[in-house]
Structures are given as structure tokens and as C-alpha cells.
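Shown below is the structure under consideration.
The values are calculated or read from the model by the stated rules, or taken from the named source; none is laboratory data. Because the structure is predicted, anything quoted here is derived from the model rather than measured. Every residue, glycine among them, receives a Cβ derived from its backbone with ideal geometry; neighbour counts consider all protein chains shown.
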């Protein structure tokens, strides 16, 4: 199916590349930005699009002489903790974007696995793609799976830009916690997703490098029974720490519940896939002291005029405090608008602006991208759940050369 779509998109791009003005599907002149979301993250993802819309509102919804809009496209199926992204829907979203001449950029999707679907399709169409939350390193870097990352860039042009730290960066934070807590053994679980497997692999490599013994490892199925079984294996192995790579789900909730009921005294660490309200709600009563890594950093008005203005504007518009995730989305949109102002509205010109970016100042700090399309500034957080709330342990930030 992907090959058929790719051929169609290649022909389409050749036919429309010379078009002098962006036209919507109904012939109206406008610029469109697609935001692809599975809405699994609920409040987080709606908050991201709020931040993007705030940036567009600040320019009165117009740039380069054209009205500009953000269109949200859903790629999710299922309900509650069982909701996930759909390959068919993400393919549909990318295909619709590629066949709409008004589309100048694609933001998302939220899941790394979904990005693997849309990336080659958007690459054929020459549409710049901006990631707010994909953390699987193989989307941009070699050394993870056969054919990666080249298969995501069939034209040879890098069109994809990651605004956040990746799984290798998060894994460093996990290992720091294990060492600080004096843990000599760890059990590693994942949820079977591209995101989860990538995290588990990275933590496993670093643990081995630090001579931390991996006493048990497994991929959870979606069932509660799977979680109970793996928790019992962890207890039998007498492991002193548990790492989970993945998102909220029945199996991991069963792991937590079973370990809690057994009086497990070791530490438990998850990653950014657990930093959302639905996980707190679902695990209430048995999530105390669980560590979770997150993307971004704490926002304060003392971080400079730009950060202060963003906080004030966001709170005035939406009557709530912005998070690091909100700031990432806002920075992505401001960066896109800057690229249009600098190089114009053509898709390839926007990509070129991203690839040659130097020291763009955003709310979260200076932004530029390395040869792989990854942001060089890495901002992460470590939380510990206390009284069913994420309590910040520390912010972590470093700049890659």
C-alpha cells in the first residue's frame, strides 16, 4: 500500500510544483498547516494546538499575503487507555496533506510508530514535518533498525525536524536515577510499540555499560493477565528496580497494582509516555513514588522576556498555566512562521530554512538542528509521583555540539 501511495504522490508533486499560488481543495488562496493527533494524550494534545493557534493569532492569521490556518486531523481509534493511533488514519492524513496544494507543513503525529507511516509519504510530497513528541532515535539516526533512517527519506532530502530530546537522551536520565539510588539490578519492560521498544533497548544498552544486571525483560501484551504474570516474574527475580518503556495501558497498570499489593520496595521508572493525566487517574492508589522522565523544562517568567510574554499571553488566552509541552508547540509554530518570512511559502524553501537555521531564539531557549534534523538543545525533566501528582525532581538540559 505504501508503494502505491508513494507513486501517486510523486506524480502529483511533479504536476503541482510549479503552481504560483497555494490553493485549497476548493480553489481558495490560503496556507494550511496540518496537525495530526491521535488525541490519546487528551488535554496535552489539545493544549499543543492551542499553543500553535496562539502563535498564528499573534500575526493576525496572515503571513506572506495569505491567510493561514491550522487544521487538526485525527488518527486515533479506541477509547480510554485502549485508544491508540491507526496506521490507516495516519496514512489518510498524510495523503490528504500531500494532495492539498495549500498545505505548507505537517505537525505530528504524536507517536513514533505513526511517524514511520507518514514520513515517507510526506517526504515524497516535499512537505516539511515537525515533531513535537516523537522520541524513537531511528527516525533520524542510523544504527537502530535495518534500512533506517533512509527508508523514511526516499527522495534523499531531510524534511523531518524533531523539536525534543529522543529516547537515548531519556535513557541517560533513567540510568542516572538507577546509579543515584544504588541499584545493581533492573527488570526492563516495554509495550511493544516502536516508542516502547526503542526506550527499552536504550536503557538496556546503558545498563549493561554500567554493569547493572538485567534480571528480567519482557514485552507486555495488552491484557491485564500479561501484567500480572510479568510482575510475578519480577518479584521472583528479586530485582531492585523496574523500568517500563511505553504508554499507559492495562498490562502496565496490572504490573503496578501487583507489585504494590505485594509490597514491592524497589524503584519503578517510566518515561514521557506516562506523563499524562489519564495515567494518574488510572493508577491512583498504587503509583506512589514512581519516577517518570519528561520532555521540556520548567517555565518561569525569570527565563527572559520571550518566555515571560508567552506565559502571560497563554494564561490570558486560555486561563491556565502553560507547560513545557505547550512551549514546544509554540516554538515550533514560531519557527515555521520565521522560515516562511525568511524563505517564502514554497515547501522546499521552508525545508531549506530549517536545515540552515542558526540560533533561533524560542521560549525554551536557542533552537537549531543537527545534520539529522534533531534539535541540538536537549531539555528533559525528572518527576516523582507524590499524592497522585507529578512532583518535579529536577530539570536537565544540555547542548549537543
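Looking at residue 290, is it closer than 16 Å to residue 382 by Cβ, assigned by TED's automatic domain parsing to the domain that holds residue 392 and at pLDDT 95 or above? Step through it out loud before you land on a result.
On the way: closer than 16 Å to residue 382 by Cβ: yes; assigned by TED's automatic domain parsing to the domain that holds residue 392: yes; at pLDDT 95 or above: yes.
Yes: the conditions hold for residue 290.
Residues in segment 287-303 that are crowded, with 17+ Cβ neighbours inside 10 Å and touching a strand residue (DSSP E or B) at 6+ places or on another chain (Cβ under 9 Å): how many?
Residues of segment 287-303 that are crowded, with 17+ Cβ neighbours inside 10 Å, as a first pass: 287, 290-297, 299, 303.
Keeping just the survivors that are touching a strand residue (DSSP E or B) at 6+ places or on another chain (Cβ under 9 Å) gives 287, 290-297, 303.
Total meeting the criteria: 10.
Do we have residue 368 as under 20 Å from the mean Cα position of the chain (by Cα) and without any contact (Cβ under 8 Å) to a residue 24 or more places away in the chain here?
When the stated conditions are applied, residue 368 passes them.
Could you count how many residues in segment 133-143 are within 18 Å of the chain's Cα centre (by Cα) and either part of a loop (DSSP other than H, G, I, E, B) or surrounded by fewer than 24 Cβ atoms within 10 Å (Cβ to Cβ) (or both)? Working first, answer last.
Filtering segment 133-143 for residues within 18 Å of the chain's Cα centre (by Cα) gives 133-141.
Next, only the ones that are either part of a loop (DSSP other than H, G, I, E, B) or surrounded by fewer than 24 Cβ atoms within 10 Å (Cβ to Cβ) (or both) stay: 133-136, 138, 140-141.
Total meeting the criteria: 7.
Kindly check whether there is at least one residue in segment 90-106 that is modelled with pLDDT of 95 or more and under 20 Å from residue 375 (Cα atoms).
yes
Hey, another quick one. Which one of these is touching a helix residue (DSSP H, G or I) at 6+ places or on another chain (Cβ under 8 Å) and in a strand (DSSP E or B): 393, 292?
Values: 393 fails: touching a helix residue (DSSP H, G or I) at 6+ places or on another chain (Cβ under 8 Å).
Selected residue: 292, the only one of 393, 292 that is touching a helix residue (DSSP H, G or I) at 6+ places or on another chain (Cβ under 8 Å) and in a strand (DSSP E or B).
Please work out if residue 168 is under 21 Å from the mean Cα position of the chain (by Cα), buried (at least 18 other Cβ atoms within 10 Å of the Cβ) and not in a loop (DSSP other than H, G, I, E, B). If you could, list the steps in order and put the result at the bottom.
Details: under 21 Å from the mean Cα position of the chain (by Cα): yes; buried (at least 18 other Cβ atoms within 10 Å of the Cβ): yes; not in a loop (DSSP other than H, G, I, E, B): yes.
Spelling it out, residue 168 is indeed under 21 Å from the mean Cα position of the chain (by Cα), buried (at least 18 other Cβ atoms within 10 Å of the Cβ) and not in a loop (DSSP other than H, G, I, E, B).
Being touching a residue at least 12 places away in the same chain (Cβ under 8 Å) and assigned to a helix (DSSP H, G or I) is the requirement here; does residue 158 meet it?
Details: touching a residue at least 12 places away in the same chain (Cβ under 8 Å): yes; assigned to a helix (DSSP H, G or I): no.
In short, no.
Being outside any helix (DSSP H, G or I) and either in contact with a helix residue (DSSP H, G or I) (Cβ under 6 Å, 6 or more places away or on another chain) or modelled with pLDDT of 95 or more (or both) is the filter here; which residues of segment 322-343 pass it? Explain how you work it out, then say what you get.
Of all residues in segment 322-343, those outside any helix (DSSP H, G or I) come to 322-323.
Of everything in segment 322-343, just one residue is outside any helix (DSSP H, G or I) and either in contact with a helix residue (DSSP H, G or I) (Cβ under 6 Å, 6 or more places away or on another chain) or modelled with pLDDT of 95 or more (or both), namely 322.
Output the number of the condition that residue 152 fails; it satisfies all remaining conditions of (1) more than 22 Å from residue 349 (Cα to Cα); (2) in the same structural domain as residue 346 (by TED's automatic domain parsing).
(1)
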